[in-house]
Amino acid sequence: MALWCEQAWLSDGWRSSVRLTVEKGRISAIETGVEAAPDDERHDIFLPGLPNLHSHAFQRGMAGLAERAGTGNDSFWTWREVMYRFVDRLDPEGMRAIAALAQAEMLESGFTRVGEFHYLHHDVDGRPYDDLAVMAGAIAEAAAETGIALTLLPVFYAHSGFGGIAPTHGQRRFINGVDRFAKLLEESREAVAGLDDALVGVAPHSLRAATADELASVAAMAAGAPVHIHIAEQVPEVEACLAWSGARPVEWLMENAAVGPDWCLVHATHITDAERAAIVESGAVAGLCPITEANLGDGLFPAREFLAEGGRFGVGSDSNVEIDAAAELRLLEYGQRLAHRGRNLLAGGAGQSTGASLYRGALAGGGQALGRPGAGLVVGEAADIVSLKARDPFFAGRSGDAILDSWIFGGAARLVDCVWRGGVKRVVGGRHIARDAIGARYRGTIARLFA
Ligand code: ZN
């Protein structure tokens, strides 16, 4: 199969009249400056698919349900109460239905691989299902249906606060000791074995949820696959960590764990200059979730300084309150503009395109964090391709990096035309090919579980 386009964003920049040959799901040849062959599928603009490095798929089902003011000060913590009530009703079929819709929407927006930070393991009463990894299996089934590439990150969660505090009732479906987690991890690997190019990492949920010993044991289980952890998302979390250990979360982690390029520190919002330098030095990826961090009122990651120092980052849709690859990049830049009252703060230097800089960074960092470095339109890599509707009037007069800047800052998801994952076309004309069936099942699920 060969795909031809007028302009493509390759690893060394924009090229015209580009022909990609795809064999067994991978790009086997790239020709530039050539005419399309008669059987080639013709398109306007090709970009590499973007990794979505942090998702809790089921939370897509509660998007918009936590936007009503409470009686006190609303915060992350009151949002979490709504989330826990939502979790109380989910079953494996509900998980599958909601995950499928979320994944279809991810593909429609330009994400082609997702890191699913998966913590809802057990039955509603907190007891393990007979099939321990049935919920992981539900996510894998959704990925089989939607075609998104999956990096599954089973979450280790054992405590409700720093120092090994007992979990709360609302957390009963998440909880495992180290031994049962090892079994869950093994069964999770089996659950994704039938998927194309899936892998399984590990995710100690946070320093609240795992003790130092547990963190070490769980990280060792990754066996070279990615290790993801939520960290320093909230100021009260930083204060609690200081009270417990005398150190801030990232500071503590860097002193007590072997953090390296296989790690992804999700959020890392509240960090000092020294902590920021330590993350850069480690080669770990900062997992930034700008839309969710704005929705939850988390705060702003010091992206301007971090990127200037060579820090690696990727983006994640996290709570999935909105699923839009371009919008994540846009908000990442806008947060910095609002904080610093300047423009093009993440462009990487004079004359550089902000959109191209953000896309390049999130592609490399996201691929690294999801265990698939080298993502991009490169011979030998998976054929994960996004095409944009260059014939839309919006793109008139744009070429090269101005396409990325225009898409990210002005167009977003409606300008995505087709998306291929592993060489299979899953989105046509901006719609996932199974959207109708997935949408109908999702509606039925919400009615059944939440009516
Ligand atoms: Zn998260």
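Computed values, structure above
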item	result
Neighbour-count ranking [beta-carbon atoms within 10 angstrom, fewest first] of R330, R180, R391	R391, R180, R330
Magnitude of the charge dipole, the chain, Cβ model with Lys/Arg +1 and Asp/Glu -1, debye to 20	800 debye
Length released on extending from D39 to S399, taking residue separation times 0.36 nm less the Cα-Cα span	127.0 nm
FRET efficiency, K183 to Y84 (Cβ-Cβ, R0 30 Å, nearest 0.05)	0.75
Note, ³J(HN,Hα) from phi for region 238-252, Karplus 6.51, -1.76, 1.60, rounded to Hz, x at Gly and Pro	5, 5, 5, 5, 4, 5, 6, 10, x, 10, 7, x, 5, 4, 4
Within the chain, helix-based [θ] at 222 nm, where runs of 4 or more DSSP H residues each add -39,500 (n - 2.57), nearest 500	-11000 deg cm²/dmol
Per-pair calculated FRET efficiency, R0 = 25 Å: R391 and S28 via Cβ, rounded to 0.05	0.35
The chain: angle of helix 435-450 to the longest principal axis, Cα-based, in degrees nearest 10	20 degrees
Neighbour-limited loop hits for trypsin sites (Lys or Arg not before Pro), region 45-151 (at most 11 other Cβ within 10 Å; DSSP other than H, G, I, E, B)	R68
Bins of 20 Å, starting at 0 and running to the largest distance - Cα pair percent for region 50-369	34, 61, 5
All lysines inside 22 Å of K24 as judged from Cα atoms, apart from same-chain residues fewer than 8 positions distant	K425
Pairwise label distance in nanometres, A350 with V379, each label 7 Å out on the Cα-Cβ vector	3.8 nm
Region 334-451, dipole about Cα centre (Lys/Arg Cβ +1, Asp/Glu Cβ -1), debye to the nearest 20	460 debye
With Cα atoms, 0 to 90° folded angle of helix 178-192 axis to the chain main axis	20 degrees
Cut-off under 5 Å, modelled amide H: who pairs with V266 long-range	I229, H230, I231, G287
Cα lying deepest toward the dipole's positive end in the chain, options M254, V315, A66, charges on Cβ	A66
Unit charges on C-beta of K, R, D, E only; dipole of region 124-282, Debye	360 debye
Angle in degrees between helix 76-87 and the longest Cα principal axis of the chain, rounded to the nearest 10	90 degrees
FRET efficiency, T168 to D131 (Cβ-Cβ, R0 25 Å, nearest 0.05)	0.45
Computed over the chain: relative contact order in percent, which uses C-alpha pairs under 8 Å that are six or more apart	21 percent
The chain - share of DSSP beta bridges that are antiparallel (%, nearest 5)	45 percent
Other-chain or far-sequence residues with amide H under 5 Å of R426's (modelled H)	V419, W420, R421
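Read-outs throughout are calculated quantities, based only on the coordinates presented, and are distinct from any laboratory measurement. If you're wondering where the values come from, they're calculated on a predicted model, not measured in any experiment. Neighbour counts run over all protein chains shown; Cβ positions are idealised from the backbone, glycine included.
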